[in-house]
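Report on the structure given below.
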Amino acid sequence: MGRRSEWDLSSDRKGCKEGSLFLLPDLLIGIKAGTNEDSAYILLKKRRSQPNECLFPIYHHYAYRQPHQMEWTPSKVELNRKLRSLWEQQVYWTRLTVNSIVDGLKDEKETTERLLRNPDDFAAVLAPLYGTAVAAEFAKLLRGHLTIAAELVKALKAGNSKAAADAQKRWYANADAIAAFLSRINPHWSEAEWRQMLHEHLRLLSNEVATRIAGNYAENVASSDRIEQQALEMADVMTRGIVQQFPSAFLR
């Protein structure tokens, strides 16, 4: 079943194309510049008063997902458990790294190093099915996603709008590259669906960063819950695609 984004507000649709990008650097730099608003949401509402401006993408549903009913065998359950664990670790260590960067914590180096181990853990799960070369390429792309994210957070914290805009552009290009790569290695993974999911992932992460910098900790925690749920959806999509591509590997 399709899902609606929490930002899909009927009163704000005019002028917004599905999948349109938001203007995160301006939003965050406005917060750092000394606005008296204490919430990214309040500032967002003010910015939305400008006609035909869409700050966040609107996804009515993941339109490209093909329904696939499957019988769960122990091997399928184990695959899903591994992928869900990896995606949860991805967003968990990303959150800790963002917090360390924004708050200038002493554990930034160690936390970032642990985060950057996750792409290799993904590769270890994919290698038996796709081979080491393909798994290594996925790990490289995923590592790029993480390192660019760290660049973006540091640029936003420093108020460097030029560097933030450049990092954001490369971040979305990396997401598109990941979506294209996944669609090439598995015919049951739609490039369009993965692009939508990854763009939403970036949007949710961006809101988490925005609320952390703004000091809106209640919304920051709530945002983390939304990120986890969406990450688990990506794990399930990944699981279904692998099982469809390699059915004989998951009979028992």
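The values are calculated or read from the model by the stated rules, or taken from the named source; none is laboratory data. As the structure is a computational prediction, the values presented were derived from the model and not from experiment. Don't worry about glycine lacking a Cβ; one is built from the backbone with ideal geometry, like all the others, and counts go over all protein chains shown.
General remarks:
- Cβ-Cβ under 8 Å pairs, at least 6 apart or on other chains, region 167-190 side over 19 Å from Ala133 (Cβ atoms), far side among the aliphatic types (A, V, I, L, M) and outside any helix (DSSP H, G or I): Tyr172/Leu21
- The test for being of a type in the set (Gly, Ala, Ser) and modelled with pLDDT under 95 does not hold for Ala179.
- Members of region 68-91 that are acidic (Asp, Glu) and not in a loop (DSSP other than H, G, I, E, B): Glu78, Glu88
- Complete set of residues in region 149-208 that are polar (S, T, N, Q) and under 30 Å from Gln244 (Cα atoms): Asn174, Ser183, Asn186, Ser190, Gln196
- Scope region 179-192; condition surrounded by fewer than 20 Cβ atoms within 10 Å (Cβ to Cβ) and in contact with a Phe, Trp or Tyr (Cβ under 8 Å, 6 or more places away or on another chain); matching residues: Phe181, Ser183, Ile185, Ala192
- Top-ranked residue of region 79-91 - restricted to ones that are in contact with a Leu (Cβ under 9 Å, 6 or more places away or on another chain) and charged (D, E, K, R), ranked as surrounded by the most Cβ atoms within 10 Å (Cβ to Cβ): Arg84
- Any hit, region 155-169, residues being of a type in the set (D, E, K, R) and within 16 Å of Val102 (Cβ to Cβ): yes
- Within the set Arg252, Arg240, the sole residue that is more than 12 Å from the chain's Cα centre (by Cα) and not in a helix (DSSP H, G or I) turns out to be Arg252.
- Counted residues, region 211-248 - those being in contact with a Ser or Thr (Cβ under 7 Å, 6 or more places away or on another chain) and exposed (fewer than 15 other Cβ atoms within 10 Å of the Cβ): 0
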